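S.K.: A single structure is presented below for examination.
The values are calculated or read from the model by the stated rules, or taken from the named source; none is laboratory data. Values in this document were obtained by computation on a predicted structure and should not be read as measured data. Cβ sites come from the backbone with ideal geometry, for glycine too, and all protein chains shown count toward neighbours. These accessible areas exclude ligands, DNA and RNA; they are computed on the full protein's heavy atoms, side chains included. Shrake-Rupley method; radii C 1.70, N 1.55, O 1.52, S 1.80 Å.
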Amino acid sequence: MFTLRPLAETDSLEQLTALLHRAYAQLASMGLRYTAVDQSVAVTRRRIAGGHCLLAWRGNALAGTITVHHPLPASPCPQFRQPDGAVLMQFGVDPVWQGCGLGSLLMDAAEAWARSQGYLRIRLDTAKPASHLVERYGKRGYRVEAPLQWPDKAYASVVMVKELETAAATRTPVCAATN
């Protein structure tokens, strides 16, 4: 139903930015001014730079996106600087496709990328008043790690973390008996 692929040089950042605006409109109506609510194309470019940005397509229509980064040493959020974890951001699904499982597909892909890079954890932040998002991430295995107050936001946020299973952790132990 959906095709997921990494962002290509030929993809339109204007189209990606417009998708983010649509995806975050409901949060804006709740008074939560996430950066993606009204960010410029230049901010979209900056936020995906150096990250692994995935796009979800339904035919020729951009339906969703997610970006996952290596740790961010310059971040004002100390948890995002931790070397053991990837950082998930700029996650959005067009309202037309919300509730169809696309968000889960995007998060699965981002978590798989983090695992493939050897990370033990993946982190994200969200507004504390967006309790539906905190609950949704909780159902995926994320837990609140720390409170967070972004300097340019009027609401409190939380950093959430998920422990990632590694191939070594999921292997069945083998016991060889000798006589």
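S.K.: Give me the pairs: first residue in the stretch 56-84 and under 26 Å from ALA8 (Cβ atoms) and free of Cβ contacts under 8 Å to residues at least 24 places away in the same chain, second residue assigned to a loop (DSSP other than H, G, I, E, B) and open to solvent by 40 Å² or more (accessible area, probe 1.4 Å), beta-carbon distance under 9 Å, and six or more apart or on different chains, which are they?
M.R.: Qualifying pairs under 9 Å: HIS69/GLY50; PRO71/GLN82; PRO71/PRO83; PRO71/ASP84; LEU72/GLY50.
S.K.: Let me ask another. Restricting to the stretch 146-164, name every residue that is assigned to a strand (DSSP E or B) and either more than 19 Å from ALA110 (Cα to Cα) or modelled with pLDDT under 85 (or both).
M.R.: Hits for the stretch 146-164 are ALA146, PRO147, LEU148, SER157, VAL158.
S.K.: Same structure, new question: Could you give every pair whose Cβ atoms fall below 8 Å, whose first residue belongs to the stretch 2-13 and is under 17 Å from ALA112 (Cβ atoms), and whose second residue is open to solvent by 50 Å² or more (accessible area, probe 1.4 Å), counting only separations of at least 6 or pairs across chains?
M.R.: PHE2/ARG58; PHE2/TRP97; PHE2/LEU105; THR3/ARG58; LEU4/LEU105
S.K.: Moving on. Out of the stretch 102-142, which residues are open to solvent by less than 40 Å² (accessible area, probe 1.4 Å), part of a loop (DSSP other than H, G, I, E, B) and either touching a helix residue (DSSP H, G or I) at 6+ places or on another chain (Cβ under 8 Å) or under 23 Å from ARG22 (Cα atoms) (or both)?
M.R.: ALA130
S.K.: Given (1) part of a helix (DSSP H, G or I); (2) in contact (Cβ under 8 Å) with a residue 12 or more places away in the chain, identify the lone condition not met by ALA42.
M.R.: That leaves (2) as the condition not met.
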